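S.K.: The structure under discussion is supplied below as structure tokens; questions concerning it will follow.
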Amino acid sequence: MKNVVIFASGSGTNAENIMVHFQNHPFVKVVAVFCNNEKAKVTEKAKKWKVVTEIFSKTDLNKGKVLEKLITYHPDLIVLAGFLLQLPTAIIYQFPNKIINIHPALLPKYGGKGMYGKHVHQAVLDNKENETGITIHFVNENYDEGEFIFQKTVNIKNCETADEISSSVLKLEHDYYPEVIYKLLNN
């Protein structure tokens, strides 16, 4: 069995999509959701799908307590799904090429600290882009600079708001993130 741990901070639509996708999978199991916000909707979604939730503070993350707990789950892959904090280097070094993130744009454009969710989509709209997309990448010490694993584009010429762009991108995220997770675990 391949163990997946998800890190999330918010509503958890991507996290839930991954939990549902692998719910009865023969060799992939989401064993835990780690969350830095006890009021985040992702905690309710994890409970609904009977996935253990680990709530932690930024202090816990930076002092190594999250790493200690994470090791006990023996993750084969750590999946960031709307996780807004930067992982400490100790976690990144403990799990080389086993931590992935999905970014709601075609990196290297619209990446870096502070570029997440609506901020990205508004920047794409403001710059009058004709297309955007998703980038799935390995996590390193810098925001959104890890090696690219997968990119997919979507035409947004007819989108007039950041919310419309967000909907188009979220569909790509839901369609492709579980597929990429499966391929990485199957190698």
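S.K.: Restricting to region 87-104, name every residue that is of a type in the set (A, V, I, L, M) and assigned to a strand (DSSP E or B). Spell out the reasoning first.
M.R.: The initial filter retains those residues of region 87-104 that are of a type in the set (A, V, I, L, M), namely 87, 90-92, 99-100, 102.
Answer for region 87-104, where residues must be of a type in the set (A, V, I, L, M) and assigned to a strand (DSSP E or B): 99, 100, 102.
S.K.: Taking region 62-86, which residues are assigned to a helix (DSSP H, G or I), among the charged types (D, E, K, R) and surrounded by 15 or more Cβ atoms within 10 Å (Cβ to Cβ)? So that I can check it myself, show each step before the final result.
M.R.: Going through region 62-86, the residues assigned to a helix (DSSP H, G or I) turn out to be 62, 65-71.
So of that shortlist, the ones also among the charged types (D, E, K, R) come out as 65, 68-69.
Answer for region 62-86, where residues must be assigned to a helix (DSSP H, G or I), among the charged types (D, E, K, R) and surrounded by 15 or more Cβ atoms within 10 Å (Cβ to Cβ): just 69.
S.K.: Out of all the residues in region 132-187, which are surrounded by fewer than 20 Cβ atoms within 10 Å (Cβ to Cβ), part of a helix (DSSP H, G or I) and acidic (Asp, Glu)?
M.R.: 163, 164, 175, 179
S.K.: Just one of 27, 22 is of a type in the set (Phe, Trp, Tyr), exposed (fewer than 15 other Cβ atoms within 10 Å of the Cβ) and farther than 19 Å from residue 118 by Cβ; which is it? Working first, answer last.
M.R.: Working: 22 fails: exposed (fewer than 15 other Cβ atoms within 10 Å of the Cβ).
27 is the lone residue from the list that is of a type in the set (Phe, Trp, Tyr), exposed (fewer than 15 other Cβ atoms within 10 Å of the Cβ) and farther than 19 Å from residue 118 by Cβ.
S.K.: Among the strands (runs of 3 or more DSSP E) confined wholly to region 1-59, which include 2 or more residues that are in contact (Cβ under 8 Å) with a residue 40 or more places away in the chain? Talk me through it step by step, then tell me what you get.
M.R.: Values: elements: 2-8, 28-35, 52-55.
Fully inside region 1-59 and qualifying: 2-8, 28-35.
S.K.: Let me ask something additional. Go through the residues of region 32-47 one by one and say whether even a single one is surrounded by fewer than 23 Cβ atoms within 10 Å (Cβ to Cβ), within 19 Å of residue 143 (Cα to Cα) and not assigned by TED's automatic domain parsing to the domain that holds residue 111. Before you say what the answer is, go through the steps one by one.
M.R.: First pass over region 32-47, keeping only residues surrounded by fewer than 23 Cβ atoms within 10 Å (Cβ to Cβ): 32, 36-41, 43-45, 47.
Pick out the ones that are also within 19 Å of residue 143 (Cα to Cα) and you get 36.
Narrowing further to those that are not assigned by TED's automatic domain parsing to the domain that holds residue 111: 36.
Yes, region 32-47 contains at least one residue that is surrounded by fewer than 23 Cβ atoms within 10 Å (Cβ to Cβ), within 19 Å of residue 143 (Cα to Cα) and not assigned by TED's automatic domain parsing to the domain that holds residue 111.
The values are calculated or read from the model by the stated rules, or taken from the named source; none is laboratory data. This one's a predicted model, so the numbers in the text were calculated from it and none came from an experiment. Here the Cβ is made from the backbone with ideal geometry for all residues, glycine too, and neighbour counts use every protein chain on show.
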